[in-house]
Amino acid sequence: MPLAILALAVSAFGIGTTEFVMMGLLPNVAGDLGTSVPTAGYLVSAYALGVVLGAPLLTALGSRVPRKRMLLLLMALFTVGNLASAVAPGYDTLLAGRFLAGLPHGAFFGVGAVVAARLVAEERRARAVAAMFLGLTIANIVGVPAATALGQHLGWRATFLVVSVIGLLSLAALALLVPRLPPEEHTGVGQELRALREPQVLLGLLTAVFGFAGVFAVYSYLASMMTEVTGFSDSSVTVLLALFGIGMTLGALAAGPLTDRALRPTLYGSLAALAVALVGFHYAAGSKVAAPIAVVVLGAVGFLTTTPLQMLVMNKARHAPTLASASNHSAFNLANAGGAWLGGAAISAGWGWTSPALVGALLAVVGLGIAVTAGVLDRRASGDPAPSAIVAGATAAPRDQRRATAG
């Protein structure tokens, strides 16, 4: 893999760390700012809202900006947002800092995925995108636990200062390692928006919303499940979250080659496996032996869905994949919010701490149904699996290379 993808992965590591670390710092932030934990929880929502709004907005505004320069601008905004969070004098300013840090998230991954795909041969595009996402998964193994521990010992502001330093290092890596890519055929905002309205793109985004919501229905309450149901101590939660991150990394490593080989079958199989894993998690949560294994499996099959979904919307958007790719991260964050809300509703209804796993299984089945429907419609429309679509101005692949698009 080119060194440029390493720079993208380092940037993804920083983004992943700041996205998830707030969940472990909520008590510290609430105590320091004199607010309640539920109120501090809106800091998580503020970041997610920034992602949802920023992905299409910043991508559209940057449609004429060269890819490398756009990546640098987005990482600079991310760094400023985290620095603003570190020095925020009160709750409202911290809320604004979190929103600002979330704005470039989706656009960065959208542009980064297109850049990663352009840096390698056609048959290795999914592996390149998955390699970039490895930074996000490794953040859940190393970055989030380390940043949480740092915040607990030195104060939560220290965490965001460190993430700001990671942002600066990412800027340097992007500037040094990402090449200036050849000029592309210009795609204006109108062309990007038209691509986003493609039925297959919309169905892919809808698949992400429902399918990945199943993961967050459980992940949002994983700590409570492990302490209240499994019987682990509070000090064990960090290790269990790291296990989830290990599972995510394993899923990302498998997703690239599988998606390059057959995109749609990988998507169908990962969503079906996710539904089964969520049902299994419901029953495994009562055992201290089975529960950690179930956590790893859930992380693996959950993240196995991300690369085929990313490649699907990029392929189906054809000549204007950037906005669709970025919007996919808006869809993932809607899945985050929706899954957490539905999982919480199940707990509040008195269905038990592990009921979010069954809710998540149902969501995964709905996502699978949408994905299969999209596949059937695609084949009916083309009369055959579609050829590999054009990504960022590349010409369409020959007919014998179409497996990685249509499956």
Query raised in the report: If only one of 162, 142 is modelled with pLDDT of 90 or more, open to solvent by 40 Å² or more (accessible area, probe 1.4 Å), more than 13 Å from residue 11 (Cβ to Cβ) and part of a helix (DSSP H, G or I), which one is it?
Result: 162
Report task. Tell me which residues, restricted to segment 304-319, are buried (at least 24 other Cβ atoms within 10 Å of the Cβ) and either modelled with pLDDT of 80 or more or touching a Lys or Arg at 6+ places or on another chain (Cβ under 7 Å) (or both). Result -> 304, 305, 306, 307, 308, 309, 310, 311, 312, 313, 314, 315
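Where in segment 1-102 are there helices (runs of 4 or more DSSP H), lying wholly inside it, with at least 3 residues that are at pLDDT 90 or above and over 30 Å from residue 125 (Cα atoms)?
67-86
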**Report entry** Boolean, residue 169 is at pLDDT 80 or above, under 30 Å from residue 367 (Cβ atoms), open to solvent by 60 Å² or more (accessible area, probe 1.4 Å) and out of contact with any Gly (no Cβ under 6 Å at 6 or more places or on another chain)
**Finding:** no
Report summary line: Flagged in segment 59-115 as β-branched (Val, Ile, Thr) and in contact (Cβ under 8 Å) with a residue 12 or more places away in the chain, in numbering order, are 59, 79, 80, 87, 111, 114, 115
Query raised in the report: Can residue 376 be described as surrounded by fewer than 20 Cβ atoms within 10 Å (Cβ to Cβ), under 16 Å from residue 262 (Cα atoms), of a type in the set (A, V, I, L, M) and modelled with pLDDT of 80 or more?
Result: yes
Query raised in the report: Only one of these conditions is not met by residue 256: (1) over 14 Å from residue 364 (Cβ atoms); (2) open to solvent by 10 Å² or more (accessible area, probe 1.4 Å). Which number is it?
Result: (2)
**Report entry** Of all residues making up segment 1-48, the number that are open to solvent by less than 30 Å² (accessible area, probe 1.4 Å) and among the β-branched types (Val, Ile, Thr)
**Finding:** 6
Query raised in the report: Mind checking whether some residue in segment 268-291 is closer than 17 Å to residue 130 by Cβ, open to solvent by less than 20 Å² (accessible area, probe 1.4 Å) and at pLDDT below 95?
Result: no
Query raised in the report: Just wondering, is there one or more residues in segment 186-197 that are part of a helix (DSSP H, G or I) and at pLDDT 90 or above?
Result: no
Query - Selection within segment 224-242 - open to solvent by 40 Å² or more (accessible area, probe 1.4 Å) and closer than 21 Å to residue 138 by Cα - result: 235, 238, 239, 241
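The values are calculated or read from the model by the stated rules, or taken from the named source; none is laboratory data. Not measured: the values here are computed from a predicted model. As a convention, Cβ positions derive from the backbone with ideal geometry for all residues, glycine included, and neighbour counts pool all protein chains shown. Side chains included, ligands, DNA and RNA excluded: accessible areas come from the protein's heavy atoms. Shrake-Rupley method; radii C 1.70, N 1.55, O 1.52, S 1.80 Å.
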